[in-house]
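Worksheet: the structure to be examined is printed underneath.
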Amino acid sequence: MKALVFERSLPKFAAARVAGSVSGGLGARVGPLRLADVDDPVVPGPEWSVVRPRLAGICGSDLATVDGKASRYFEPIVSFPFIPGHEVVGDLEDGRRVVLEPVLSCATRGIDPPCEECGSGHINRCHQIAFGDLHPGLQTGYCADTGGGWGLRLIAHEQQLHPVPADFSDEAAVMVEPVACAVHGALRLLRPAEDGVAVVIGAGTLGLCSIAALRHFGGDVVIVAVAKHPTQRRLARDLGANVVAGPDEMARAVRRATGAMMTGDQLNGGADLVIDCVGNDGSLASALSVSRPGGRVSLVGMPGRVSVDLTALWQKEIDLAGGYAYGVEPLAGGRRTFDLAFELVREAGLERLVSATYPLERYKEAIDHAANAGRRGAVKVAFDLRKEKRR
Amino acid sequence: MPRPGFVLDVDRSTPPTLFWHGEGFRLERLPTGSRVVYPPEPVEALGDPDDAIRQALLHPLGDSRPLPDLLSAGMKLTIAFDDVSLPLPPMERPDNRQRVIEVVLDMAAAAGVDDVVLIAALALHRRMTESELRHALGDRVYDAFAPHGLLLQHDAEDPAALVLLGETDQGEEVELNRRAVESDLLVYVNINLVAMDGGHKSVATGLASYRSLRHHHNVRTMLHSRSFMDQERSALHSSNWRMGRFIAASGVKIFQIETTLNTDTFPSAFGFLQRREWEWNGRDRASFLAVSKTLDRTPDRMRRSIFQAIKSPHRMTSVQAGEVEAVHAATTANVYRQHLVEVDGQADVLTFGLPYICPYNVNSVMNPILVMCLGLGYFFNLYRGKPLVRPGGVVIMSHPTPWAFHPVHHPSYIDFFEEVLADTTDPIEIEKTYEERFATDDWYRHLYRTSHAYHGVHPFYMWYWGAHALDHLGGVIIVGGDPRAVRRMGFKPASTLRDALEMAEDVVGPEPTVTHFHCPPMAMADVR
């Protein structure tokens, strides 16, 4: 079958890293990602199905991988070669449409009894992502055995599949996975009855979905969105941000929203909750600087190695928490995050965030578009496999 | 004998016209048939201003007694004076305020008055620095009062230093500086640069609180002031007059001293700014070229420093003292004597160049909001009768309009520009949605009281100052401005005057009539 394959090749990895540092997305032209004809993934048992992707999104973590920027932390928990793509809506062989929940938890690995986290529904915290019947891989799209959304077929465990309502478009369905990330990132630290001001740093897919999630689940919380580009600013406001500020304007915007004072460049108060959807040095430093004493920072954007002054975290006793993937949400009565994401996609009309689709052959253009989505007025870029020949 | 102002009809022989362009100039060729409104030449200054001051205090106007008769041992005397916003540019020493206050203090000393306090009448402006106070008052006055805590700056946010006198018959609350109200005599020392300055506005605005000011510093008042420079047709003036009469009726005793200046505005190095272009001699041309070339090569900060260091040679042309309204009537006549130019009819397009300075950026940065205020607030309103441009017409103004703010002086301006103008430029909507939050923001209040920041609400007032123009005009174009900053304010940027005139035709139609309001120096159009 035709697929984009990411192979282990140190020279190509190095080339991608250099190219990606010149311009986002350039790693696709020189790195380990290539369009190839590969064997179909093998179905390991009756609990598994073949999924033929219809749309498969390009995520920030995919871009980091393609551009050689992903942390070496992932080395033992992925397996090569893998076919990327974990934001997937596809068809089962019986014609039913499904959305993939890509986390490869104990159940998918045939591990019984499951680890403590999987047993309580928090599959994103699975202890066994490098063990069991599958090769290592924290998600479909990073595991050599399962295939991924950037190929014509992948295999999925029954616990990874969510049926798509008939009135859901493919564009709406492909947004469910990133929306689930945003919902989890928001709900992990949100205190709806107490939080007065929340800040969302970044207005790409995760940032915009986080704004929608806060608006949907966060009561009357005042949302300050930090957005760089005009389309992002417009969408941030449309999705429920009360204030939209540029990166240079953030501290002043938070000061105004919270009624805080300043000492030098420091706020004496600040936001109750900050959701960092960027995950770099600057965004984390900003998150800490605009958080109030005793505030909470949720790190949703995938970080790598960052260098940041943690004095504010220490002095203001800020709680910093990661927000990876999804599972169940205690704040929502223990419901699965994916169920909440379906609800939010529908309520907020998030299919509008799908800006462009490309066939697999044009993957270099697609990745370039995704890497420069903000400045090009786009949000989510996806591969469209609906017209691919299935052989 | 100084020549009066006049209106020049531009023909093919007319040399290019000088436009201010912030901290620089542009020479622009206006279309044939345009009109240029030239100000009167500087009127003659008083030969002996100190003696004139003394005579004014001894022979007051209205029903006031001479100042020495109002002074006695044991009394409480407060002398309030205009702040750093006047005059423009700051004048060469000695400043009018110094001259007047020294005479007043001499008379107070002669009468045995020893409870004397000086108050800078800031209203919601920033606090003055020591060097600014020394410049305005002179070292002798400063050193005699400041070290003893007797030189104060009005604090419109100090509840303990304010007193609510009551309300006018229109329900306008009058809340003033407590020391001024509780004094046996309040002497107010003015510099009246334009027709709006002085009169009851001095105390009713300069020593008031936000609670009081909001009754006339609002959009409705500005929309009903046509113009706010014309006392007969100014709702701003009327409100201040109601408050002033209420203050007098409340028992506050005011002795008003007003001084006027001529328009000899720039030192000899900038002499070409004072002359009409076709009368430039070789020295003027050489100075213009030398100054322009030098400025072109000078970094922004240094250019700003050069201009802000200018001390104007303008001199006192009159001084009058006594009862507020009688004094102000005489002052206004003297201001008009210097400023008024008769102009027949309105044009489709009004052009002017904006200088580097306005009342709110002395020793500071002319930010975009102040550009708007200077152009559409002050320049547009420098008329009596009707505006120089017809309803639905276009104003073209020249200024670099950088996206730049003084972080100490104008903190709330930055927020206003980033948050408010990003949402709306409609003064009514701005007033309704945002004013109260900015006006009551504790951070701005803290900076106003303890640092050198304008009050949180001040950028709103700047925007309201242009409300009449925004309501009247069909479009505003800024030549040579930062396009992002210009667009943020809802205006259109143009690279050249020619481009701007073509863009204006989209609004007013082809072959528009054009009037250029020539500045410097300052003038006021009497439009028939």
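Quick notes on this one:
Residue-by-condition table, conditions (1) within 20 Å of B:PRO4 (Cα to Cα); (2) more than 19 Å from the chain's Cα centre (by Cα); (3) acidic (Asp, Glu):
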site	(1), (2), (3)
B:ARG315	yes, no, no
B:GLU323	no, yes, yes
B:HIS328	no, no, no
B:THR331	yes, no, no
B:VAL343	yes, yes, no
B:THR351	no, yes, no
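- Considering region B:105-141, and only residues there that are free of Cβ contacts under 8 Å to residues at least 12 places away in the same chain and within 22 Å of the chain's Cα centre (by Cα), the residue that is farthest from B:ASP95 (Cα to Cα) turns out to be B:SER131.
- Qualifying residues in region B:204-246 (those that are of a type in the set (S, T, N, Q) and not in a helix (DSSP H, G or I)) - the one nearest to B:ALA329 (Cα to Cα): B:SER234
- Residues of region A:254-283 satisfying the condition of being at positive phi and within 14 Å of another protein chain (Cβ to nearest Cβ): A:GLY259, A:GLY264, A:GLY270
- One residue stands out among those in region A:343-358 that are under 17 Å from the mean Cα position of the chain (by Cα), in a helix (DSSP H, G or I) and hydrophobic (A, V, I, L, M, F, W, C): the one that is surrounded by the most Cβ atoms within 10 Å (Cβ to Cβ), which is A:VAL345.
- Tally of residues being surrounded by 24 or more Cβ atoms within 10 Å (Cβ to Cβ) and either closer than 17 Å to A:LEU340 by Cα or acidic (Asp, Glu) (or both) across region A:133-171: 1
- Scan of region B:175-192 for residues that are in contact with a helix residue (DSSP H, G or I) (Cβ under 8 Å, 6 or more places away or on another chain) and crowded, with 23+ Cβ neighbours inside 10 Å, ordered by number: B:LEU176, B:ASN177, B:ALA180, B:LEU186, B:VAL187, B:TYR188, B:VAL189, B:ASN190, B:ILE191, B:ASN192
- Residue under evaluation B:VAL343, criteria (1) in contact with a Gly (Cβ under 8 Å, 6 or more places away or on another chain); (2) closer than 30 Å to B:VAL508 by Cα, criterion not met: (1)
- You will find that of A:ALA225, A:ALA251, the residue that is within 14 Å of chain B (Cβ to nearest Cβ), crowded, with 24+ Cβ neighbours inside 10 Å and without any contact (Cβ under 8 Å) to a residue 60 or more places away in the chain is A:ALA225 and no other.
- Any hit, region A:364-382, residues being at pLDDT 95 or above, among the hydrophobic types (A, V, I, L, M, F, W, C), in a strand (DSSP E or B) and more than 16 Å from the chain's Cα centre (by Cα): no
- Filtered residues of region B:407-433 (kept if more than 30 Å from B:ALA504 (Cβ to Cβ) and either surrounded by fewer than 21 Cβ atoms within 10 Å (Cβ to Cβ) or outside the structural domain of B:ALA485 (by TED's automatic domain parsing) (or both)): B:PRO407, B:VAL408, B:ILE414, B:GLU419, B:LYS432, B:THR433
- Count - residues of region B:267-297 that are hydrophobic (A, V, I, L, M, F, W, C) and touching a Pro at 6+ places or on another chain (Cβ under 7 Å): 2
- Residue match in region B:278-288 (condition: assigned to a helix (DSSP H, G or I), out of contact with any Lys or Arg (no Cβ under 7 Å at 6 or more places or on another chain) and touching a residue at least 60 places away in the same chain (Cβ under 8 Å)): yes
- Any hit, region B:343-366, residues being buried (at least 24 other Cβ atoms within 10 Å of the Cβ) and in a helix (DSSP H, G or I): no
- Taken as a whole, the structure places B:ASP344 among residues that are among the acidic types (Asp, Glu) and either under 30 Å from B:ILE247 (Cβ atoms) or in contact (Cβ under 8 Å) with a residue 24 or more places away in the chain (or both).
- The single condition among (1) closer than 20 Å to B:THR515 by Cα; (2) of a type in the set (A, V, I, L, M); (3) in contact with an Asp or Glu (Cβ under 8 Å, 6 or more places away or on another chain) that B:ALA45 does not satisfy is (1).
- Of all residues in region A:268-278, those satisfying the criterion of being under 17 Å from A:ASP319 (Cβ atoms) and either modelled with pLDDT under 95 or not acidic (Asp, Glu) (or both) are A:GLY269, A:GLY270, A:ALA271, A:LEU273, A:VAL274, A:ILE275.
- Among helices (runs of 4 or more DSSP H) entirely within region B:386-451, having at least 2 residues that are more than 14 Å from chain A (Cβ to nearest Cβ) singles out B:427-439.
- Candidates B:GLU92, B:GLU41, B:GLU28, B:GLU102 - the one that is acidic (Asp, Glu), crowded, with 18+ Cβ neighbours inside 10 Å and out of contact with any Phe, Trp or Tyr (no Cβ under 6 Å at 6 or more places or on another chain): B:GLU41
The values are calculated or read from the model by the stated rules, or taken from the named source; none is laboratory data. Note that the structure is a prediction, hence the values are computed from the model and not measured. With ideal geometry, Cβ positions are generated from the backbone for all residues, glycine too; neighbour counts draw on all protein chains shown.
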